[in-house]
1. Quick one: dipole size for the range 1-105, taken about the Cα centre, charges +1 on Lys/Arg Cβ and -1 on Asp/Glu Cβ, in debye to the nearest 20.
2. Length gain on complete extension for the stretch A162 to D67, per 0.36 nm per residue less the alpha carbon to alpha carbon distance?
3. How big is the dipole moment of the chain about its Cα centre under a simple scheme where the beta carbon of each Lys and Arg is +1, that of each Asp and Glu is -1, and everything else is neutral? Debye, nearest 20, please.
4. Could you pull out every one of the lysines with an alpha carbon less than 17 Å from that of K115, ignoring same-chain neighbours closer than 8 positions?
5. Run the helix sum for the chain: -39,500 (n - 2.57) per DSSP H stretch of 4+ residues, divided by residue count, reported at 222 nm to the nearest 500 deg cm²/dmol.
6. Given the options S14, S93, S111, state which has the largest fluctuation in a GNM of the chain using a 10 Å cut-off (strictly under) for Cα springs.
7. For the range 1-103, max minus min Cα coordinate along each principal axis, in Å, sorted largest first?
8. Would you mind calculating the gained length between T133 and K79 on full extension (0.36 nm times residue separation, minus the Cα-Cα distance), in nm to one decimal?
Amino acid sequence: MNFTREVIKCTDFSARKHKNQRRKDTEKTPYINHPIGVAYILTEEGGISDLQVIQAALLHDTVEDTDTTFEEIEENFGKEVTGIVREVTDDKSLPKMERKKLQIEHAAKASYKAKLVKLADKLYNLRDLERCTPEGWTPQRVQEYFEWAGKVVQGLRGTNKALEAELDVIFRRHDVIC
Ligand code: NDP
Ligand code: ZN
């Protein structure tokens, strides 16, 4: 298997799926910056070179946020990658608060590979929130997000020292005990 070809195929797939989406920051950054950035955190800061983890990071929001199906992911990237993406995908049919509660509960039960993707996803999003407050978010909403993320990360501990240390720096800045 050619690692470079697989990574580029996956990046291209994700970019086409997210092409009409923007992040919530005031600059309305293209959404694809996020999955690419999550994969980059894993290779650069987490020291991860496992292809399936990198593919799952690139694809982690495609089913949750676009018309992509798990079947499509499986056809293109196989069962293992699909399994990881499935683990990190929220059930959108549930109310938002229920989904947030389930993320906390599911974190500790997730596989090692899914935990890596979740750690990098949380780290990217918290850094994004520190960089710029999304339009309409009060300081209280931002703080609540940090606190909720802290509860999710509690269940992910013992997975990757470097990523957890970076998250701890952020949590300390926001007085989140986790
Ligand atoms: P949202 O789920 O609405 O938004 C956060 C998610 O948006 C992230 O997890 C991330 O998910 C994605 N995202 C896109 N752009 C950005 C960005 N620039 N920075 C960070 N994340 C981005 O937030 P919540 O509903 O969780 O709100 C936070 C807290 O505020 C909650 O705990 C809630 O209790 C409280 N609150 C919520 C209100 C609401 O209407 N929901 C109203 C008032 C308070 P991804 O990785 O998928 O891209
Ligand atoms: Zn994400």
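A short reminder: the numbers here are calculations on the coordinates, not readings from a lab. Because the structure is a prediction, the values reported are computed rather than measured. All Cβ positions, even for glycine, are placed from backbone atoms using ideal geometry, and neighbour counts span all protein chains on display.
1. 440 debye
2. On the way: separation 95, 0.36 × 95 = 34.20 nm, distance 3.37 nm.
Length gained between A162 and D67: 30.8 nm.
3. Working: 29 positive and 31 negative charges, 54 e Å.
Roughly 260 debye, rounded to the nearest 20.
4. Filter leaves K100, K101, K151, K161.
5. -20500 deg cm²/dmol
6. Per the Cα network of the chain with a 10 Å cutoff, S93 tops the list.
7. Cα extents, longest axis first: 41, 33, 26 Å.
8. That pair, T133 and K79, stretches by 15.7 nm at full extension.
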